[in-house]
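One structure is given here, and the rest of the page talks about it.
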Amino acid sequence: MEKEQLLDKFIQEMTATEDSMEGIAKAFAPVAEKYRIGILKSRFVVAPTFSTRKGENREDVLFRATGEVETQPAYSITFHTGEKGTAIFELYRFSGEGTLSDDEKESLTPFLNVLFVHFGRFRMINAVKQMGMADLLTGLPNTRGFMAYVQELFRTGELTQYNGFYFNLSHFSLVNKRFGVKETDMIIYRYAEELRTFLQDGECIARLGGDNFVALMKKPRTYEFLEQIAAVRTYGTIGDQEYTVVVSATAGVCEIDDSIKDGGHIIDDCAVALHTARHIEKKPFVFSSEQIKERIYTEKKCVTDFDRAIKRREFKAYYQPKVHTDNYAIVGAEALVRWERDGRMVSPAEFIPIYERNGMICQFDFYMFEQVCMDIRDWLDRGIEPVCISMNFSRKNLSNPNLADDIMKVLAKYELDSKYIEIELTETVDDEETEEVVSFMHEMKKRNVSMSIDDFGTGYSSLNLLRSFPVDVLKIDKSFIDTQEETDRIVLSNIINMAKQLNMRVVAEGVETRGQMEYLRQMNCKVVQGYLFDRPIPHDDFERKMVARKYEIGE
Ligand code: C2E
Ligand code: CA
Ligand code: CA
């Protein structure tokens, strides 16, 4: 073949190939044959840059024919790459073929020029591919990179040697506030560098974005890794001052077995475990399990079914009477929700905590409040004098500055006197909340609505604090009633006495036995609520009992 023809063909074939070694070898074969060349080698030496952190120093055999070759290259040519690196191509002739003449070298030069141009193209394609797979800030793989890597491990059958992790940096918004966006990025960068040093062969950490990371670690290193991410020391700068930052992460862990086939599956399982760690168990890490997946599924369903349940009026107000210990008269009742869902009665313990967590509880509480107000209105209209009904309001409602007015609006809508309702709030867990509770109680006092502290004795309120509470009723938690502990009994009698002195009423809840009731009566606690008299009962049953006004209890 003529030289020009050979070059045209070479250009054509090189243009068609996309960085495949076979492609290059195939294109070069006729050239090698013509010039009796046994080996074509390339050597790239590129200094580290921002995009290629380790730089490049690689040697590749691009073409090899069978047969012995000389130890020294017959011809070598050096090019300069855009990043101030060098690319060297070397041609080795078969043993005994001697060196290339100057003419031959001159004829070969255009081939190597073409090769170099296409190498530039291949490297560009690779860089773009890698960019799509890497996180720009940290240089770690991104979601796509992680997926691709998992795919590769799955293909080679190595995936089950690893466990998956999804971790999120705790309190990172505080770091953001303190150091600003730019420096926070640098902290994340340093954090990633720190984690990178922990990696062993085959392990991988990827950044999904923000302060969310995923990782694959060899199974035996699971706990070591969890310990590692529990506290990573790095630093942030403000001005020219450096401050230590200890980054701690919360993690969801997925133990990878044969059932797991892709990165998406790993991320999903870990995310569920992470959610449980952060919001439910409040632990530094949680392992994914069937139980957890089931729970999250139920949670999601509770949330998605909410609107439908409201529309179909599936949330029912049940009533549990409060009874006077002297004459067993019904002196009040507590409204407790039951969800009549697909023919099954769902207990509030299954869904109230979920609505508490996602904030839907406030809407829910007002819905229940309206249901109860409608019942009271209906009793009044039918000439039945209702007892005072106590409503449970989640403390989440306290962040509503118009809570007191919103409650009054509902009472006004049904033209109800405030004496028919009482608001139960559970005890607080910290000082800040205590302030909110106290101010809300004052608001309600002004509006003549009675207030009660639920589950009293289990939370934060010291007896001393009670003096600042404008509260009408203390509901003593069930745990004080069903105990045999002497100390509990002492606390109980002190609560009752103190309440008396502060002019508060006391209601004991969870009274199940006659003995418990007698004991409470002796201690001067006059109102009890519990299974001894009734469980929370449906509207119609309650109405009947309320009209009768009294329990008969045999001696
Ligand atoms: P809670 O306010 O402390 O309600 C008392 C719980 O004790 C009720 O459980 C009641 O059925 C149960 N109980 C009453 N007497 C006895 C007894 O003698 N023995 C035993 N073992 N238990 C007794 P329930 O109805 O399952 O409600 C659980 C919790 O769900 C309530 O605790 C309350 O915190 C919440 N809840 C119920 N309805 C509502 C609602 O409409 N709004 C809000 N925010 N929370 C509600
Ligand atoms: Ca209650
Ligand atoms: Ca209670």
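For the chain, the relative contact order comes to 8 percent (Cα pairs under 8 Å, sequence separation of at least 6). Using just its DSSP H runs of length 4 or more, each adding -39500 (n - 2.57), the chain gives a mean residue ellipticity at 222 nm of -14000 deg cm²/dmol after division by all residues. When both bridge partners sit in the chain, DSSP labels roughly 75% of those beta bridges antiparallel. Annotation: the antiparallel percentage among DSSP beta bridges lying fully within the stretch 237-335 is about 70. PRE reach from residue 519 (point 7 Å along Cα→Cβ): which of the stretch 472-497 fall under 14 Å by backbone N? Only 477-494 pass the distance filter. The length gained on full extension between residue 357 and residue 301, counted as 0.36 nm times the residue separation minus their Cα-Cα distance, comes to 18.7 nm. Axis angle, to the nearest 10 degrees, between helix 403-413 and the longest C-alpha principal axis of the chain: 60 degrees. With respect to the chain, whose longest principal axis is taken over its alpha-carbon atoms, helix 21-35 is tilted by about 0°. With the simple model of a label 7 Å out from the Cα in the direction of the Cβ, residue 498 to residue 131 spans 6.8 nm. Between the stretch 365-441 and the stretch 119-134, what's the alpha-carbon centroid distance in Å? Between the Cα centre of the stretch 365-441 and that of the stretch 119-134, the gap is 64 Å.
Once you sort the root eigenvalues of the Cα gyration tensor of the stretch 1-157 as a ≥ b ≥ c, which label holds: rounded (a/c under 1.5), prolate (a/b larger than b/c) or oblate (the other case)? Verdict is prolate for the stretch 1-157.
Full extension of the chain between residue 33 and residue 282 gives 82.6 nm of extra length, using 0.36 nm per residue less the Cα-Cα distance.
Modelled label positions at residue 246 and residue 20, each set 7 Å beyond Cα in the direction of Cβ, lie 5.5 nm from each other. Applying 1/(1 + (r/R0)^6) with r as the Cβ-Cβ distance of residue 552 and residue 479 and R0 = 25 angstrom yields a FRET efficiency of 0.25.
Computed FRET efficiency, Cβ-Cβ of residue 203 and residue 71, R0 60 Å: what is it to the nearest 0.05? Here the calculated transfer efficiency is 0.90.
Across the stretch 185-300, the relative contact order, built from alpha-carbon pairs under 8 Å that are at least six residues apart, equals 18 percent. Using a cut-off of 32 Å between Cα atoms, the listed pairs 283/316; 445/550; 293/316; 41/84 include 283/316 as exceeding that distance. In the chain, with Lys and Arg counted as +1 and Asp and Glu as -1 at Cβ, which of these residues, 359, 373, 527, has the Cα nearest the positive end of the dipole, that is, farthest along it? It is 373.
Rounded to the nearest 20 debye, the dipole size of the stretch 74-154 about its Cα centre is 440 debye, using +1 on the Cβ of Lys and Arg and -1 on the Cβ of Asp and Glu. Extension gain, residue 382 to residue 400: 0.36 nm times the residue separation minus the Cα-Cα distance gives 3.0 nm.
Relative contact order of the stretch 1-153, taken over Cα pairs closer than 8 Å and 6 or more residues apart, is 20 percent. In degrees from 0 to 90, rounded to the nearest 10, what is the angle of the helix 361-381 Cα long axis to the longest principal axis of the chain? Between the helix axis and the principal axis of the chain, the angle is about 30 degrees.
Could you sort out which of 218/282; 475/545; 300/413 sit more than 28 Å apart by Cα distance in this structure? Result: 300/413 exceed 28 Å. Shown for 496, 553: other C-beta atoms within 10 Å of each C-beta, ranked fewest to most, produce the order 553, 496. Can you tell me how the stretch 418-555 classifies by the Cα gyration tensor, rounded, prolate or oblate, using a/c under 1.5 as the rounded cut? Oblate, since a/c reaches 1.5 and b/c is not below a/b. Remark: spin-label model distance residue 262-residue 148 equals 1.6 nm, labels positioned 7 Å along the Cα→Cβ axis.
In this structure, residue 95 and residue 57 have a Cβ-Cβ separation that, at R0 = 30 Å, corresponds to a calculated FRET efficiency of about 0.55.
Residue pairs exceeding 19 angstrom between C-alpha atoms, taken from 419/446; 322/396; 301/478: 322/396; 301/478. Footprinting exposure proxy ranking of 539, 279, fewest other C-beta atoms within 10 angstrom first, gives 279, 539.
Since every read-out is calculated from the coordinates, none of them should be taken as a lab result. Computed from a prediction, not measured in an experiment: that's the story for all the values here. Virtual Cβ from ideal backbone geometry, glycine too; neighbours counted across all protein chains shown.
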